[in-house]
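Report on the structure given below.
The values are calculated or read from the model by the stated rules, or taken from the named source; none is laboratory data. Everything quoted here is computed from the prediction, not taken from an experiment. Cβ placement follows ideal geometry from the backbone for every residue including glycine, while neighbour counts extend to all protein chains displayed. Ligands, DNA and RNA are excluded from the accessible area calculation, which covers all protein heavy atoms including side chains. Shrake-Rupley method; radii C 1.70, N 1.55, O 1.52, S 1.80 Å.
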Amino acid sequence: MLVLAIDTSTPAVTAGVVSLSAPSPDAESPDTESPGTESPGTVGTLAVRVTVNPRAHAEVLTPHVLECLAEAGLTPAELNAVVVGVGPGPYTGLRVGMATGAAFGDALGVPVYGVCSLDAIAAAVPTTQSLLVVTDARRREIYWARYAGGVRVEGPAVNSAGDVDPSPSTLIAGSASHVDFFDLPVDPAETPSPAGLVTVAAREILAGSVPAPLEPLYLRRPDAKTLAERGK
(Lines give C-alpha, C1' and ligand atoms only; values in the text may rest on other atoms or scores of the structure.)
Protein backbone atom coordinates (compact mmCIF):
# COMPACT_ATOMS: atom_id res chain seq x y z
CA MET A 1 0.00 0.00 0.00
CA LEU A 2 1.11 3.57 -0.68
CA VAL A 3 0.48 6.12 2.05
CA LEU A 4 0.85 9.89 2.15
CA ALA A 5 2.06 11.07 5.56
CA ILE A 6 1.80 14.66 6.82
CA ASP A 7 2.70 16.38 10.07
CA THR A 8 2.66 20.06 11.03
CA SER A 9 2.51 19.75 14.81
CA THR A 10 6.02 21.16 15.29
CA PRO A 11 8.09 23.85 13.54
CA ALA A 12 8.99 21.11 11.02
CA VAL A 13 6.67 20.95 8.00
CA THR A 14 6.83 17.26 7.10
CA ALA A 15 5.46 15.28 4.16
CA GLY A 16 6.38 11.89 2.80
CA VAL A 17 5.27 8.92 0.75
CA VAL A 18 5.59 5.58 2.50
CA SER A 19 5.10 1.99 1.35
CA LEU A 20 3.30 -0.33 3.75
CA SER A 21 2.97 -4.08 3.48
CA ALA A 22 1.56 -6.70 5.82
CA PRO A 23 4.05 -8.74 7.88
CA SER A 24 4.80 -12.24 6.69
CA PRO A 25 2.43 -14.77 8.34
CA ASP A 26 5.34 -16.97 9.39
CA ALA A 27 7.58 -14.13 10.58
CA GLU A 28 8.62 -14.36 14.21
CA SER A 29 8.96 -11.31 16.42
CA PRO A 30 12.38 -10.73 18.01
CA ASP A 31 12.74 -12.01 21.55
CA THR A 32 13.60 -8.51 22.72
CA GLU A 33 10.17 -7.10 21.87
CA SER A 34 7.69 -6.48 24.63
CA PRO A 35 4.02 -7.46 24.41
CA GLY A 36 2.13 -5.07 22.17
CA THR A 37 5.23 -3.99 20.20
CA GLU A 38 5.12 -6.65 17.47
CA SER A 39 5.70 -5.18 14.03
CA PRO A 40 2.40 -4.04 12.49
CA GLY A 41 3.87 -4.31 9.00
CA THR A 42 6.82 -3.42 6.81
CA VAL A 43 7.25 0.33 6.37
CA GLY A 44 9.56 1.90 3.78
CA THR A 45 10.06 5.60 3.04
CA LEU A 46 9.93 6.35 -0.69
CA ALA A 47 10.33 10.13 -0.44
CA VAL A 48 10.34 12.78 2.29
CA ARG A 49 10.48 16.57 2.50
CA VAL A 50 11.02 18.54 5.71
CA THR A 51 11.25 22.30 6.14
CA VAL A 52 11.85 23.68 9.63
CA ASN A 53 9.95 26.98 9.68
CA PRO A 54 7.04 27.57 12.06
CA ARG A 55 5.66 30.28 9.75
CA ALA A 56 5.80 28.31 6.49
CA HIS A 57 3.29 25.49 7.04
CA ALA A 58 0.71 26.80 4.57
CA GLU A 59 3.27 27.83 1.95
CA VAL A 60 5.40 24.70 1.68
CA LEU A 61 3.23 21.73 2.69
CA THR A 62 1.40 21.11 -0.60
CA PRO A 63 4.57 21.65 -2.68
CA HIS A 64 6.30 19.15 -0.38
CA VAL A 65 3.56 16.58 -1.05
CA LEU A 66 3.79 17.05 -4.81
CA GLU A 67 7.59 16.84 -4.75
CA CYS A 68 7.42 13.59 -2.79
CA LEU A 69 4.99 12.07 -5.26
CA ALA A 70 7.21 13.11 -8.17
CA GLU A 71 10.34 11.69 -6.52
CA ALA A 72 8.55 8.40 -5.85
CA GLY A 73 7.33 8.29 -9.44
CA LEU A 74 3.69 8.22 -8.36
CA THR A 75 0.48 10.04 -9.17
CA PRO A 76 -1.95 11.06 -6.41
CA ALA A 77 -4.43 8.48 -7.70
CA GLU A 78 -2.04 5.68 -6.73
CA LEU A 79 -2.23 6.53 -3.01
CA ASN A 80 -4.21 4.14 -0.81
CA ALA A 81 -4.44 6.18 2.39
CA VAL A 82 -3.38 9.37 4.14
CA VAL A 83 -1.97 9.65 7.68
CA VAL A 84 -1.92 12.99 9.48
CA GLY A 85 -0.33 13.95 12.79
CA VAL A 86 -3.05 15.52 14.95
CA GLY A 87 -0.76 16.91 17.61
CA PRO A 88 -0.50 17.98 20.26
CA GLY A 89 0.63 21.19 18.65
CA PRO A 90 -0.23 24.85 18.09
CA TYR A 91 -3.58 25.71 16.57
CA THR A 92 -2.37 27.33 13.34
CA GLY A 93 0.14 24.64 12.40
CA LEU A 94 -2.17 21.73 13.15
CA ARG A 95 -5.09 23.03 11.14
CA VAL A 96 -2.88 23.44 8.02
CA GLY A 97 -1.72 19.83 8.10
CA MET A 98 -5.08 18.35 9.00
CA ALA A 99 -6.96 20.40 6.39
CA THR A 100 -4.43 19.43 3.72
CA GLY A 101 -4.59 15.74 4.62
CA ALA A 102 -8.38 15.79 4.68
CA ALA A 103 -8.49 17.55 1.30
CA PHE A 104 -6.24 14.95 -0.34
CA GLY A 105 -8.27 12.13 1.19
CA ASP A 106 -11.55 13.62 0.02
CA ALA A 107 -10.27 14.33 -3.49
CA LEU A 108 -8.80 10.85 -3.89
CA GLY A 109 -11.54 8.92 -2.07
CA VAL A 110 -9.10 7.31 0.36
CA PRO A 111 -9.25 7.07 4.17
CA VAL A 112 -7.47 9.64 6.32
CA TYR A 113 -6.08 8.42 9.66
CA GLY A 114 -5.17 10.80 12.44
CA VAL A 115 -2.42 9.79 14.87
CA CYS A 116 -0.86 11.40 17.93
CA SER A 117 2.30 13.12 16.74
CA LEU A 118 4.16 12.18 19.93
CA ASP A 119 3.33 8.53 19.20
CA ALA A 120 4.97 8.95 15.77
CA ILE A 121 8.19 10.19 17.37
CA ALA A 122 8.13 7.27 19.81
CA ALA A 123 7.57 4.81 16.94
CA ALA A 124 10.89 5.87 15.43
CA VAL A 125 12.83 5.06 18.62
CA PRO A 126 13.99 1.40 18.58
CA THR A 127 13.81 0.69 22.29
CA THR A 128 11.80 -1.19 24.89
CA GLN A 129 12.99 1.21 27.60
CA SER A 130 10.68 3.66 29.32
CA LEU A 131 10.69 6.59 26.90
CA LEU A 132 9.74 10.24 27.46
CA VAL A 133 8.84 12.27 24.35
CA VAL A 134 8.72 16.08 24.52
CA THR A 135 7.99 18.85 22.00
CA ASP A 136 7.73 22.62 22.20
CA ALA A 137 4.38 23.93 23.46
CA ARG A 138 5.58 27.54 23.67
CA ARG A 139 4.77 29.69 26.72
CA ARG A 140 7.75 27.98 28.40
CA GLU A 141 5.84 24.70 28.36
CA ILE A 142 6.21 21.31 26.69
CA TYR A 143 3.89 18.72 25.21
CA TRP A 144 4.86 15.30 26.53
CA ALA A 145 3.94 11.64 26.73
CA ARG A 146 5.53 8.57 28.28
CA TYR A 147 5.93 5.14 26.69
CA ALA A 148 6.72 1.69 28.04
CA GLY A 149 7.54 -1.14 25.66
CA GLY A 150 6.46 1.05 22.75
CA VAL A 151 2.99 1.72 24.21
CA ARG A 152 1.85 5.13 25.48
CA VAL A 153 1.18 4.87 29.21
CA GLU A 154 0.89 8.55 30.15
CA GLY A 155 -0.13 11.71 28.30
CA PRO A 156 -0.32 13.47 26.00
CA ALA A 157 -0.28 16.50 28.26
CA VAL A 158 1.05 20.04 28.42
CA ASN A 159 3.06 21.34 31.38
CA SER A 160 6.14 23.35 32.24
CA ALA A 161 9.23 21.16 32.04
CA GLY A 162 9.77 21.52 35.78
CA ASP A 163 6.38 19.95 36.47
CA VAL A 164 7.15 16.79 34.47
CA ASP A 165 8.77 14.02 36.49
CA PRO A 166 11.38 12.30 34.29
CA SER A 167 11.19 9.07 36.26
CA PRO A 168 10.67 6.23 35.55
CA SER A 169 11.83 7.10 32.02
CA THR A 170 15.36 6.07 31.08
CA LEU A 171 15.46 7.67 27.61
CA ILE A 172 14.12 10.86 26.03
CA ALA A 173 13.36 11.98 22.47
CA GLY A 174 11.85 15.05 20.87
CA SER A 175 12.59 18.75 20.52
CA ALA A 176 16.35 19.35 20.63
CA SER A 177 15.89 22.56 22.62
CA HIS A 178 13.77 20.82 25.28
CA VAL A 179 15.26 17.37 25.85
CA ASP A 180 18.14 19.03 27.72
CA PHE A 181 15.72 20.06 30.47
CA PHE A 182 15.92 16.44 31.61
CA ASP A 183 18.90 14.45 32.81
CA LEU A 184 18.26 11.49 30.51
CA PRO A 185 20.08 9.88 27.56
CA VAL A 186 18.79 11.40 24.32
CA ASP A 187 17.60 9.55 21.20
CA PRO A 188 18.05 11.64 18.02
CA ALA A 189 14.39 11.43 16.92
CA GLU A 190 13.21 15.07 17.12
CA THR A 191 10.03 15.37 15.03
CA PRO A 192 7.41 12.99 13.61
CA SER A 193 8.75 11.21 10.52
CA PRO A 194 6.57 9.86 7.69
CA ALA A 195 7.61 6.31 8.59
CA GLY A 196 6.76 6.89 12.24
CA LEU A 197 3.34 8.31 11.39
CA VAL A 198 2.48 5.35 9.17
CA THR A 199 3.80 2.85 11.70
CA VAL A 200 1.34 4.17 14.30
CA ALA A 201 -1.60 3.78 11.90
CA ALA A 202 -0.35 0.62 10.16
CA ARG A 203 -2.70 -1.88 11.79
CA GLU A 204 -5.77 0.20 10.98
CA ILE A 205 -4.63 0.81 7.41
CA LEU A 206 -3.86 -2.85 6.71
CA ALA A 207 -7.16 -3.94 8.29
CA GLY A 208 -9.10 -1.46 6.16
CA SER A 209 -10.62 0.08 9.28
CA VAL A 210 -12.87 3.10 8.94
CA PRO A 211 -10.89 5.96 10.48
CA ALA A 212 -12.30 8.05 13.29
CA PRO A 213 -13.00 11.71 12.50
CA LEU A 214 -9.90 13.89 12.64
CA GLU A 215 -9.72 15.58 16.05
CA PRO A 216 -6.84 17.95 16.78
CA LEU A 217 -5.01 17.61 20.10
CA TYR A 218 -4.65 21.26 21.09
CA LEU A 219 -4.64 20.46 24.85
CA ARG A 220 -5.39 24.13 25.53
CA ARG A 221 -7.35 26.98 23.98
CA PRO A 222 -5.79 28.70 20.95
CA ASP A 223 -4.15 32.10 21.42
CA ALA A 224 -6.41 33.65 18.77
CA LYS A 225 -9.84 34.74 20.03
CA THR A 226 -13.03 35.93 18.37
CA LEU A 227 -14.32 39.43 19.05
CA ALA A 228 -17.04 37.95 21.27
CA GLU A 229 -14.47 36.01 23.30
CA ARG A 230 -12.35 39.14 23.70
CA GLY A 231 -15.39 41.00 24.99
CA LYS A 232 -15.90 38.40 27.69
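Summed over qualifying helices (DSSP H, 4 residues or more, each -39500 (n - 2.57)) and divided by its residue number, the chain shows a 222 nm mean residue ellipticity of -8000 deg cm²/dmol.
What you get for the range 129-211, charging only the Cβ of Lys and Arg (+1) and of Asp and Glu (-1), is a dipole of about 240 debye around the Cα centre. Converting the Cα gyration tensor eigenvalues of the range 79-211 into ellipsoid dimensions via √(5λ) gives semi-axes, longest first, of 28, 17, 11 Å.
Computed from point charges on the beta carbon alone (+1 for Lys and Arg, -1 for Asp and Glu), the dipole magnitude for the chain about its Cα centre is near 1080 Debye. Ordering A161, I172, L206 by Cα displacement along the dipole of the chain toward the positive end leaves A161 in first place; charges were set at the Cβ atoms of Lys, Arg (+1) and Asp, Glu (-1). Counting DSSP beta bridges with both partners in the range 57-203, what percentage is antiparallel, nearest 5? Roughly 60 percent of the beta bridges in the range 57-203 run antiparallel, per DSSP. The label point for V50 and the one for N159, both projected 7 Å from the Cα toward the Cβ, are 2.7 nm apart.
Lys and Arg at +1, Asp and Glu at -1: add these up for the other residues within a Cβ distance under 15 Å of D180 and post the number. Display every interim value, and only then the final one.
Numbers: positive: R140; negative: D136, D183, D187, E190.
Neighbour charge sum, excluding D180 itself: -3.
Accessible area per residue for the chain is 49 Å², calculated with a 1.4 Å probe on protein heavy atoms, without ligands, DNA or RNA.
Percent of accessible area on the range 80-167 owned by carbon and sulfur, 1.4 Å probe? Its accessible area is 47 percent carbon and sulfur atoms. Between T100, T75, T127, the residue with the greatest mean-square fluctuation in the GNM of the chain (Cα pairs under 10 Å linked by springs) is T75. When you count the other C-beta atoms within 10 angstrom of each residue and take the mean per peptide, 199-208, 183-192 line up highest first as 199-208, 183-192.
Note: the chain, Cα convex hull, 133 Å³ per residue.
Note on the range 37-108: Cα-only Rg and Dmax are 13.4, 38 Å. Here's the picture: charge each Lys and Arg Cβ at +1 and each Asp and Glu Cβ at -1 in the range 78-232, and of A145, V82, G93 the one pushed furthest to the positive end of that dipole is G93. For V13, the residues 5 or more places off, or on other chains, whose built amide H falls under 5 Å of its own are T51, V52, N53. Full extension of the segment from L206 to T128, taken as 0.36 nm per residue of separation minus the current Cα-Cα distance, would add 25.7 nm.
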